[in-house]
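The values are calculated or read from the model by the stated rules, or taken from the named source; none is laboratory data. Predicted model only: the values in this text are computed from it and were never measured. Counting neighbours? That spans all protein chains shown, and the Cβs are built from the backbone with ideal geometry, glycine included. We work out accessible area using only protein heavy atoms, side chains counted, and drop any ligands, DNA or RNA first. Shrake-Rupley method; radii C 1.70, N 1.55, O 1.52, S 1.80 Å.
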Amino acid sequence: MQNERARIAVAGASGLIGSALVRSLTADGHEVVRLVRHAPRSADEVRWDPERGQVDAAGLAGCAAVVNLAGAGVGDRRWTDTYKRRIHDSRVHATSGLAQAVASLDAPPRVFVNGSAMGFYGETGERVVDEDAPAGTGFLPELCVEWEAAAAPAEQAGVRTVFTRTGLVVARGGGAWGKLFPLFLAGLGGRMGDGRQYWSYIALHDEVAAIRHLMDRDDLSGPFNLTAPEPLTNREITEAMGRVLRRPTLFAVPAPVLRSVLGEMAGDVLGSARVVPKRLLESGFTFAFPGIEDAVRAA
């Protein structure tokens, strides 16, 4: 697909990563088909219902690649039982339905790229983990295991399947950093908890470039950690944000306050995930913004 114009379907095309990926693909002349919940308004839209796992498979015909980045935002709101069910269904049911649709095609796509998350590994403390590490325990790790397993129909149909275990995306337009930037710019930024927990991050530019790298390489399949080569602690990231944005970082949010405000989701903020992109680096991928200061400036 690197040197040819291709038809590519993207689920989650309106999200932070999906919209950036669509811009990158269309800029290079590819035809992008967006999966939408409403009745299609143009030839580049395909109807689907992610929570129910329903997809108009006919709309995927002729696609060289299908990329699934759909899912309710993990950090969008407090994790009530109802919202946790939505997080689950918007990923697992969506992936299952899309994988079945891919498998049903007479001429299936060459590759199915399915989103996942570094949450697969759970709490790692100071331990460095790569793609060979087992899944952790808790809501997010168990979700990621089920999420990836839902792609089985595509794999069984012989479609090359890739899982992108994405870290914290450094971008101003959304995700965790979309909430951090306004605080830091207002001079209210600071470490969270004791600041010793590791955050594995990736610049939005590198996230999109890595997805395209995995789409283009016919010899790559399975899980890939999409994180910068060297994870940093929350304290180190806080100090780097202050330097780049030229703002003080005096404020700190105590762990008990985070837990009272965020509930169960606070564990994801205070937890440590020291995840490295071993397989991505071995495949020859080069990061444009490997360091946190570079990533923040790019954002």
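Summary of computed values
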| quantity | calculated |
| --- | --- |
| Residue in the stretch 18-34 that is within 24 Å of residue 219 (Cα to Cα) and in a strand (DSSP E or B) present | yes |
| Count - residues of the stretch 270-290 that are modelled with pLDDT of 95 or more, assigned to a helix (DSSP H, G or I) and aliphatic (A, V, I, L, M) | 2 |
| Among the candidates 110, 127, residue that is more than 25 Å from residue 216 (Cα to Cα), touching a residue at least 60 places away in the same chain (Cβ under 8 Å) and charged (D, E, K, R) | 127 |
| Count of residues meeting criterion [over 14 Å from residue 232 (Cα atoms) and either among the aliphatic types (A, V, I, L, M) or open to solvent by less than 60 Å² (accessible area, probe 1.4 Å) (or both)] in the stretch 290-299 | 2 |
| Answer residue from the stretch 147-182, given it is assigned to a strand (DSSP E or B) and over 16 Å from residue 118 (Cα atoms) and is least open to solvent (accessible area, probe 1.4 Å) among those | 161 |
| Selection status of residue 24, in contact (Cβ under 8 Å) with a residue 12 or more places away in the chain, closer than 15 Å to residue 10 by Cβ and among the hydroxyl-bearing types (Ser, Thr, Tyr) | yes |
| Residue match in the stretch 221-244 (condition: open to solvent by 10 Å² or more (accessible area, probe 1.4 Å), more than 17 Å from residue 275 (Cα to Cα), out of contact with any Asp or Glu (no Cβ under 9 Å at 6 or more places or on another chain) and of a type in the set (A, V, I, L, M)) | no |
| Selection within the stretch 96-110 - in a helix (DSSP H, G or I) and either under 29 Å from residue 177 (Cα atoms) or in contact with a strand residue (DSSP E or B) (Cβ under 6 Å, 6 or more places away or on another chain) (or both) | 97, 98, 101, 102 |
| Meets criteria (more than 18 Å from residue 237 (Cα to Cα), surrounded by fewer than 22 Cβ atoms within 10 Å (Cβ to Cβ) and at pLDDT below 95) for residue 195 | no |
| Residue ID - modelled with the highest pLDDT, chosen from residues in the stretch 36-95 that are among the hydroxyl-bearing types (Ser, Thr, Tyr) and either within 17 Å of residue 161 (Cβ to Cβ) or outside any loop (DSSP other than H, G, I, E, B) (or both) | 95 |
| Residues being touching a Ser or Thr at 6+ places or on another chain (Cβ under 7 Å) and within 19 Å of residue 92 (Cβ to Cβ) - total across the stretch 23-77 | 8 |
| Scan of the stretch 85-121 for residues that are hydroxyl-bearing (Ser, Thr, Tyr) and open to solvent by less than 20 Å² (accessible area, probe 1.4 Å), ordered by number | 90, 95, 116, 121 |
| Any hit, the stretch 116-135, residues being over 15 Å from the mean Cα position of the chain (by Cα) and farther than 24 Å from residue 168 by Cα | no |
| Single condition residue 170 does not satisfy, out of (1) in contact with an Asp or Glu (Cβ under 7 Å, 6 or more places away or on another chain); (2) β-branched (Val, Ile, Thr); (3) closer than 20 Å to residue 14 by Cα | (1) |
| Set 217, 212: member being modelled with pLDDT of 95 or more and more than 16 Å from the chain's Cα centre (by Cα) | 217 |
